[in-house]
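A.B. asks: Here's a structure for you.
The values are calculated or read from the model by the stated rules, or taken from the named source; none is laboratory data. Note that this is a predicted model, so its numbers are computed, not measured. Virtual Cβ from ideal backbone geometry, glycine too; neighbours counted across all protein chains shown. Keep in mind that these areas ignore ligands, DNA and RNA; they rest on the heavy atoms of the full protein, side chains included. Shrake-Rupley method; radii C 1.70, N 1.55, O 1.52, S 1.80 Å.
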Amino acid sequence: MRDDAGNVVLSYRSFASVVGIIAALVAGVILVAGAGGVLFLLMEHRLGPAIIAFVLSVIFAVLVIMLVPPVNVTIYDGPDPALTIAQQSSVSFPVVTYVVTTIEGKALGRIRKSFFSRFGRNRWAILPPNHHGPRGGAVEESLSRALQRKLLGKFTPRYQSNVRIRYAGSEAGWIVRRPSPAGEVDVLDLAPDAALDRRVAVALAVLVLGAEP
């Protein structure tokens with residue numbers, strides 16, 4: 001991560017994995033096939049087998065998702081660790097929550113994402129470290145851009161989608177993934193008066209830019 005002058009201020013080791021993408025595809029296929037089987041059995045008025053097919057589909061989909069290793073990232077300020085992003089549970093289905101903490105262990109906030117948002121516009125909920133405090137969210141700019149990113153974004157940045165951030169009821173900024181007219185790409189652009197903790201915003205940007213398929 002660089003400042004406006006191009007100097008490196010924060011760094012982290014890449015944690016993107018193809019395992020998550022494959023697991024999402026396989027789990028989606030299982031759920032779609034299971035839904036088709038359930039509908040067929042219901043049309044045949046076979047309620048018992050339909051229930052069993054539904055339960056088995058969900059179980060197998062969850063087992064596939066459990067194969068994805070949990071995300072644990074350390075963000076460094078030069079050679080020194082500055083922040084950690086830790087997945088709260090080993091299972092990312094149906095919802096995964098990440099806790100952003102200082103090196104001393106102080107929780108700064110939580111970032112939550114539903115597995116099902118992978119099939120449309122990716123969405124992230126920004127939550128306080130406990131159950132009290134302002135909340136916000138981040139979402140891809142449009143469904144059409146999200147679909148372009150899923151199909152073509154890995155081949156060229158021009159098909160990436162930007163992510164809009166709102167917090168405490170106000171516009172907080174953008175995560176710019178598509179090259180701007182000035183050529184800027186993969187930029188966290190926060191409003192000067194945004195109430196969102198900059199450290200939590202950096203953690204969100206790391207999750208968006210470093211892991212999201």
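A.B. asks: When the residues of segment 115-140 are narrowed to those that are in a loop (DSSP other than H, G, I, E, B) and open to solvent by less than 40 Å² (accessible area, probe 1.4 Å), which ends up farthest from R164 (Cα to Cα)? Even if it seems obvious, please write down each step before you answer.
C.D. replies: Of segment 115-140, the ones in a loop (DSSP other than H, G, I, E, B) are 120-122, 128-135.
Filter again for open to solvent by less than 40 Å² (accessible area, probe 1.4 Å), leaving 120, 122, 128.
On the way: G120: 15, N122: 11, P128: 19 Å.
That would be P128.
A.B. asks: Going through segment 141-150 one residue at a time, which ones are surrounded by 13 or more Cβ atoms within 10 Å (Cβ to Cβ) and farther than 22 Å from A194 by Cα? Before you say what the answer is, go through the steps one by one.
C.D. replies: Our first condition is that a residue be surrounded by 13 or more Cβ atoms within 10 Å (Cβ to Cβ); within segment 141-150, this holds for 141-142, 145-150.
Those that are surrounded by 13 or more Cβ atoms within 10 Å (Cβ to Cβ) and farther than 22 Å from A194 by Cα: S142, R145, A146, L147, Q148, R149, K150.
A.B. asks: Filter segment 165-178 down to the residues that are touching a strand residue (DSSP E or B) at 6+ places or on another chain (Cβ under 6 Å) and open to solvent by 60 Å² or more (accessible area, probe 1.4 Å), then identify the one that is farthest from G136 (Cα to Cα).
C.D. replies: W174
A.B. asks: Here is a further query. If I ask for residues that are modelled with pLDDT under 75 and assigned to a loop (DSSP other than H, G, I, E, B), which ones from segment 1-51 would you list?
C.D. replies: Once the filter is applied, which keeps residues that are modelled with pLDDT under 75 and assigned to a loop (DSSP other than H, G, I, E, B), segment 1-51 yields M1, D3, D4, A5, G6, N7, V9, R13, S14, F15, A16, S17.
A.B. asks: Where residues in segment 151-163 are under 14 Å from R178 (Cβ atoms) and not polar (S, T, N, Q), which of them is surrounded by the most Cβ atoms within 10 Å (Cβ to Cβ)?
C.D. replies: V163
A.B. asks: Can I ask one more? Out of all the residues in segment 52-78, which are within 20 Å of F116 (Cα to Cα), open to solvent by 80 Å² or more (accessible area, probe 1.4 Å) and either at pLDDT 90 or above or in a strand (DSSP E or B) (or both)?
C.D. replies: The answer is F54, L56.
A.B. asks: To continue, here is another question. Of all residues being open to solvent by less than 70 Å² (accessible area, probe 1.4 Å) and of a type outside the set (A, V, I, L, M, F, W, C) in segment 24-51, which is nearest to the chain's Cα centre (by Cα)? Just the residue, please.
C.D. replies: Looking at the filtered set, the residue picked out is G28.
A.B. asks: Considering each of G105, G173 in turn, give the residue that is in contact with an Asp or Glu (Cβ under 6 Å, 6 or more places away or on another chain) and not in a helix (DSSP H, G or I).
C.D. replies: Just one listed residue meets the conditions, G173.
A.B. asks: Mind counting the residues in segment 135-162 that are more than 23 Å from I22 (Cα to Cα) and touching a Lys or Arg at 6+ places or on another chain (Cβ under 7 Å)?
C.D. replies: 6
A.B. asks: Exactly one condition in (1) under 20 Å from V206 (Cβ atoms); (2) modelled with pLDDT of 90 or more; (3) open to solvent by 50 Å² or more (accessible area, probe 1.4 Å); (4) of a type in the set (S, T, Y) is false for T84; which is it?
C.D. replies: Against the list (1) under 20 Å from V206 (Cβ atoms); (2) modelled with pLDDT of 90 or more; (3) open to solvent by 50 Å² or more (accessible area, probe 1.4 Å); (4) of a type in the set (S, T, Y), T84 comes up short only on (3).
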